[in-house]
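Student: Let me give you the structure first, and then I'll get to my questions.
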Amino acid sequence: MTEITATMWKRFSRKQSLERFGIEFVLLMLFLWATRSIDIYWPFVADAPSQAADLLNRMTPPNFTFLKDIVPSMIETINIATLSTIFAVILSFPLAVLNARNTTPHYIVQMAARFIIVTSRSVNELVWGLIFVVFFGPGVVAGVAALTMRSLGFMAKLVSEAIEEIDHGQVEAIRATGANGAKVFTYGVLPQILPIIIGTSIFRWDINIRQSSVIGLVGAGGIGILLTSSMNLFRWQNVSMILISIFFVVLAGEYVSAIVRKKLI
């Protein structure tokens, strides 16, 4: 019996080793193929550390006198993140209800809602920014619209999944009292998903603080416009001051969101 077990274990170990070797070989081939297909110019790669050191030397010391020009753009950036999050919360809630299997009125309605969610999530913030800059022109409106559209799918997906995972016993208990559909949803579904809505909203605002610093690179308002102009003019000391400011604003956003999440959830 012991010999049979030992033989089976050896065969199993040999099979596992062959499978592991096959997976590692395929991954190695994919890596080599990807490396060749992107046409890397290795002299530039080798020269990258010296170029980085040269750029860092140009960026120091930061131009602290430039801070007075940064503050208005940074406030604009925070406003873009806040407004886009508020609009996304308002628009994503009905979309999540229509997308959830247990609250959608019809299969076709669910597919339409899912199409909007997938479209929102599959397009990057910068691409949405480029699209809305064409619609509204450069500025804050384009930035708010871009981040709202991107946040919409993110929040609707998470909230719709929360709706599908609710305790249906609580819903049935309220329905048994003779309550209509609106009251069943208000008292049976909403209390169960409210912590998810609050937590997701805070998390998305935290993300939008970071993203609103980037979308200005395509002209969608905020500190990104100032960053782009400073880089185009090779004012690297101003660039370093902008990057430091973005770092501290993102850090403050993390701190505020953590406090709010702890108080409300």
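Student: Can you compute the helix-only [θ] at 222 nm over the chain? Use -39500 (n - 2.57) per DSSP H run of at least 4 residues, normalise by all residues, nearest 500 deg cm²/dmol.
Tutor: Working: 11 runs with 213 residues, N = 265.
Calculated from helices alone, the mean residue ellipticity at 222 nm is -27500 deg cm²/dmol.
Student: Compute the relative contact order of the chain as a whole-number percentage, counting only Cα pairs closer than 8 Å that sit 6 or more residues apart in sequence. Intermediate results must be reported in sequence, preceding the final value.
Tutor: Details: 285 pairs, mean separation 67.3, N = 265.
Relative contact order, the chain: 25 percent.
Student: Moving on to the next point. Principal axes first, then extents: for the Cα atoms of the chain, list largest minus smallest coordinate on each axis, whole Å, largest first.
Tutor: Principal-axis extents of the Cα atoms in the chain, largest first: 69, 68, 36 Å.
Student: Taking the beta-carbon count within 10 Å as an exposure proxy, list Ile108, Ile80, Ile174 from fewest neighbours to most. Display every interim value, and only then the final one.
Tutor: Numbers: Ile108 9, Ile80 31, Ile174 16.
The most exposed by this proxy come first: Ile108, Ile174, Ile80.
Student: Quick one: order Arg150, Arg58, Arg36 by neighbouring beta-carbon count within 10 Å, fewest to most.
Tutor: Neighbour counts put them in this order, fewest first: Arg36, Arg58, Arg150.
Student: Moving to a separate point now. Figure the gain on full extension for Thr60 and Ile174 (residue separation times 0.36 nm, minus the Cα-Cα span) and round it to one decimal in nm. Each step should come with its number before you reach the end.
Tutor: Values: separation 114, 0.36 × 114 = 41.04 nm, distance 6.47 nm.
Contour length minus the Cα-Cα distance gives 34.6 nm.
Student: Report the calculated FRET efficiency for Thr35 and Asn124 (r = Cβ-Cβ distance, R0 = 25 Å), to the nearest 0.05. Please report the intermediate quantities before stating the final value.
Tutor: Values: r = 24 Å, r/R0 = 0.98.
After rounding, the FRET efficiency stands at 0.55.
Student: Measure off 7 Å from each Cα along the Cα-to-Cβ vector at Asp167 and Lys183, then give the distance between these two points in nanometres to one decimal.
Tutor: Between Asp167 and Lys183, the simple spin-label model gives 2.1 nm.
Student: Could I ask something else about it? Efficiency by 1/(1 + (r/R0)^6): what FRET value for Leu190 and Tyr255, r their Cβ-Cβ distance, R0 = 30 Å, to the nearest 0.05?
Tutor: Details: r = 29 Å, r/R0 = 0.98.
Efficiency for this residue pair is about 0.55.
Student: Kindly rank 225-235, 248-258, 194-204 from highest to lowest mean number of other beta carbons found within 10 Å of each residue.
Tutor: 194-204, 225-235, 248-258
Student: Oh, and also: Say the dipole of the chain comes from +1 at the beta carbon of Lys and Arg and -1 at that of Asp and Glu; which of Ser212, Pro43, Leu233 then lies farthest toward its positive end?
Tutor: Final value for the positive-end residue is Ser212.
Student: Mean Kyte-Doolittle hydropathy of -1.0 or higher plus an axial Cα length of 27 Å or more: which whole DSSP H helices in the chain meet both?
Tutor: Working: long enough: 2-37 (52 Å, 0.10); 67-99 (47 Å, 1.39); 140-164 (36 Å, 1.19); 190-211 (30 Å, 0.59); 236-264 (42 Å, 1.16).
Membrane-span-like by this criterion, though nothing is claimed about a membrane: 2-37, 67-99, 140-164, 190-211, 236-264.
Bear in mind that the values in this text are calculations on the coordinates, not laboratory data. From a predicted model like this one, the values you see are computed outputs, not experimental measurements. Note that we place each Cβ from the backbone using ideal geometry, even for glycine, and neighbour counts take in every protein chain shown.
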